[in-house]
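The values are calculated or read from the model by the stated rules, or taken from the named source; none is laboratory data. Nothing here was measured: the structure is a model prediction, and the numbers come from that model. Cβ atoms come from the backbone with ideal geometry, glycine included; neighbour counts cover every protein chain shown. Each accessible area value is taken on the protein alone, full model and side chains, heavy atoms only, with ligands, DNA and RNA left out. Shrake-Rupley method; radii C 1.70, N 1.55, O 1.52, S 1.80 Å.
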Amino acid sequence: QVQVVESGGGLVQPGGSLRLSCTASRPIFSFAGMSWYRQAPGKQRELVASITYGGTTTYAGSAEGRFTISRDNTKNTVYLQMNSLKPEDTAIYYCKTRLPDSWGQGTQVTVSS
């Protein structure tokens, strides 16, 4: 069973930055890809960014140009660097592995002055 643990969330002012981490219980190159999702109160969970086994990255329109997904294979960790944060980025952020699929417990990000 794959375990995935997110960290790095918190409270940040608009315009600020945060870096989220997602550490898996097995080598991340064993997955077809890894993704970050988020879910705001009263809204559906949405895809934010993904990185494939081959290193190809994709972003939601709302994240393009502000967020960067990256990985460190030596640490079994995927990161989400979030810059120029806005109040509408407030959500619980989840990490998900693909093939096999597994979700983390989420980490809260709150953007507020």
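Yes/no matrix, rows are residues, columns are (1) out of contact with any Pro (no Cβ under 9 Å at 6 or more places or on another chain); (2) more than 23 Å from V12 (Cβ to Cβ); (3) in a strand (DSSP E or B); (4) open to solvent by 40 Å² or more (accessible area, probe 1.4 Å):
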| position | (1), (2), (3), (4) |
| --- | --- |
| T68 | yes, no, yes, yes |
| Y79 | yes, no, yes, no |
| E88 | yes, no, no, yes |
| Q108 | yes, no, yes, yes |
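When you check S21 against the structure, is it surrounded by 14 or more Cβ atoms within 10 Å (Cβ to Cβ), over 16 Å from D89 (Cβ atoms), in contact with a Leu (Cβ under 7 Å, 6 or more places away or on another chain) and modelled with pLDDT of 95 or more, yes or no?
Values: surrounded by 14 or more Cβ atoms within 10 Å (Cβ to Cβ): yes; over 16 Å from D89 (Cβ atoms): yes; in contact with a Leu (Cβ under 7 Å, 6 or more places away or on another chain): no; modelled with pLDDT of 95 or more: yes.
In short, no.
Go through the residues of segment 43-56 one by one and say whether even a single one is open to solvent by 20 Å² or more (accessible area, probe 1.4 Å), within 21 Å of S17 (Cβ to Cβ), over 10 Å from the mean Cα position of the chain (by Cα) and of a type in the set (F, W, Y).
For segment 43-56, residues open to solvent by 20 Å² or more (accessible area, probe 1.4 Å), within 21 Å of S17 (Cβ to Cβ), over 10 Å from the mean Cα position of the chain (by Cα) and of a type in the set (F, W, Y): absent.
Can you tell me which residue in segment 1-18 is most open to solvent (accessible area, probe 1.4 Å), limited to those that are modelled with pLDDT of 95 or more and part of a loop (DSSP other than H, G, I, E, B)?
Kept after step one, since they are modelled with pLDDT of 95 or more, are these residues of segment 1-18: 4-18.
Retained after the next criterion (residues that are part of a loop (DSSP other than H, G, I, E, B)): 8-9, 13-17.
On the way: G8: 36, G9: 34, Q13: 123, P14: 65, G15: 56, G16: 17, S17: 63 Å².
Among residues in segment 1-18 that are modelled with pLDDT of 95 or more and part of a loop (DSSP other than H, G, I, E, B), the one most open to solvent (accessible area, probe 1.4 Å) is Q13.
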